[in-house]
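Note sheet for the following structure.
The values are calculated or read from the model by the stated rules, or taken from the named source; none is laboratory data. Because the structure is a prediction, the values reported are computed rather than measured. Cβ placement follows ideal geometry from the backbone for every residue including glycine, while neighbour counts extend to all protein chains displayed. Quick note on the areas: whole protein, heavy atoms, side chains included, nothing else; ligands and nucleic acids left out. Shrake-Rupley method; radii C 1.70, N 1.55, O 1.52, S 1.80 Å.
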Amino acid sequence: MKNIIIISGVSGAGKTSLLSIFEECGYYICDNIPFSLIKDFYNAVKKDVKNDKIALALNLSVAHEAYLLAKQDSDFNVSFIALDCDKDILLSRYRLTRRSHPLQVDGYTLEDAIDFEKQTISNIKINLTCYIDTSEMSISSLRKFVYNNLLSDHNKLHVNFVSF
């Protein structure tokens, strides 16, 4: 059975950081696949004998549909994680990084884009496996949360033998 973790959330809440944490834990990482390719991606995942742990980061606008689609397949064990953050902290993060919000290219102001995503996340909360508020989290505390709450095999000892 393939373990698929769908990661989404408001922009600026830490999806990229969470994806990196899962990659460190041996997950195959995929970021921002267009929804039109999701069915093909799932079919490819089923045929892949090497990767049985996949973390897929998706935009909030398509993550819920992708989750429901994967949930219908008995070959998948699917989890749905969403990241959120206080609006004031998101505004501060955007000011510090000087990045624009992805919805600003569609004509939204930064505050309207954040409000829109927060409304979207509240609409899908019922289907989430895990909701993480990163407002007061550092990357190391997010990593610790993932290890303690989301990964069942993180305590296993891994030994690598390297020969020259």
Residue match in the range 46-56 (condition: crowded, with 16+ Cβ neighbours inside 10 Å and within 10 Å of the chain's Cα centre (by Cα)): yes
Number of positions in the range 2-24 that are assigned to a strand (DSSP E or B), open to solvent by 20 Å² or more (accessible area, probe 1.4 Å) and in contact with a helix residue (DSSP H, G or I) (Cβ under 6 Å, 6 or more places away or on another chain): 1
Of all residues making up the range 101-127, the number that are more than 17 Å from S11 (Cα to Cα) and in contact with a Phe, Trp or Tyr (Cβ under 8 Å, 6 or more places away or on another chain): 1
Residues of the range 25-38 classified as surrounded by 12 or more Cβ atoms within 10 Å (Cβ to Cβ) and either aliphatic (A, V, I, L, M) or touching a helix residue (DSSP H, G or I) at 6+ places or on another chain (Cβ under 9 Å) (or both), total: 9
